[in-house]
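The values are calculated or read from the model by the stated rules, or taken from the named source; none is laboratory data. Model, not experiment: these values are computed from the prediction. In this analysis, Cβ positions are derived from the backbone assuming ideal geometry, glycine residues included, and neighbour counts consider all displayed protein chains. These accessible areas exclude ligands, DNA and RNA; they are computed on the full protein's heavy atoms, side chains included. Shrake-Rupley method; radii C 1.70, N 1.55, O 1.52, S 1.80 Å.
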Amino acid sequence: MRIIVFIFISQLLLGCSSGVYVSLPEKYKSTEQPVGFLAGSLSATTIWPASGEGLITTLYIRQIGDPEYLTVASNHEDADFNTDTLKGQLFYLALPAGQYQLFSIGFKGSNGNKSIYSKSPEELNLTFTITPGAVTYIGQFITSSLVAKSQLWNLEYPSGYGYITYSDAQQRDKPLLQERHPEVDHLTFTPVMLAETDRRLTSSRP
């Protein structure tokens, strides 16, 4: 199915959950091109001592050969799914068809006393294709932050060490997308594994 539409910003942000923030280059906000859809999830571990809650995770994405980029970010405060070990949110947005790359990923946060920040030091060059009338699913990105415990005050606080791992969660995410966006049932759903499962895409050390 070939889709050619005049895209407005409200359509480009189609399907993003509360707490998921998308920043787009100006040229994406109104364009007349074939359109496909990008989907995935941003998650945080919830078990101490590796909880990623409270950190902001950001994906940096661009069309291949184009210096302008878009970002997809989550503060992990809201959740589309919540288990004993993990909580997270789906992202789902329309993009002009073409070749794209996830070239960087990062996270940041603070408890008011200690900050943690990381962004991949080199380009990840993880590529995928947005196809007209299809959903390209690029997997799950899980943020974790180890904590330390003060021997003096018996308090837990960010240790300054965090990391983001990658995995395929389509068996969980696809039904959730179909539930929230019934049109997904009528679109080709294409999972793309950008990297090996459990690969650490970036980390920050004290």
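The single condition among (1) in contact with a helix residue (DSSP H, G or I) (Cβ under 8 Å, 6 or more places away or on another chain); (2) open to solvent by 30 Å² or more (accessible area, probe 1.4 Å) that Leu70 does not satisfy is (2).
The set of residues from the range 168-197 being closer than 22 Å to Pro132 by Cα and β-branched (Val, Ile, Thr) comprises Val184, Thr188, Thr190, Val192. Residue count for the range 73-96 under the criterion of being open to solvent by 20 Å² or more (accessible area, probe 1.4 Å) and either under 27 Å from Pro132 (Cβ atoms) or under 11 Å from the mean Cα position of the chain (by Cα) (or both): the result is 2. Restricted to the range 111-126, and to residues there that are assigned to a strand (DSSP E or B) and open to solvent by 70 Å² or more (accessible area, probe 1.4 Å), the residue that is modelled with the highest pLDDT is Lys119.
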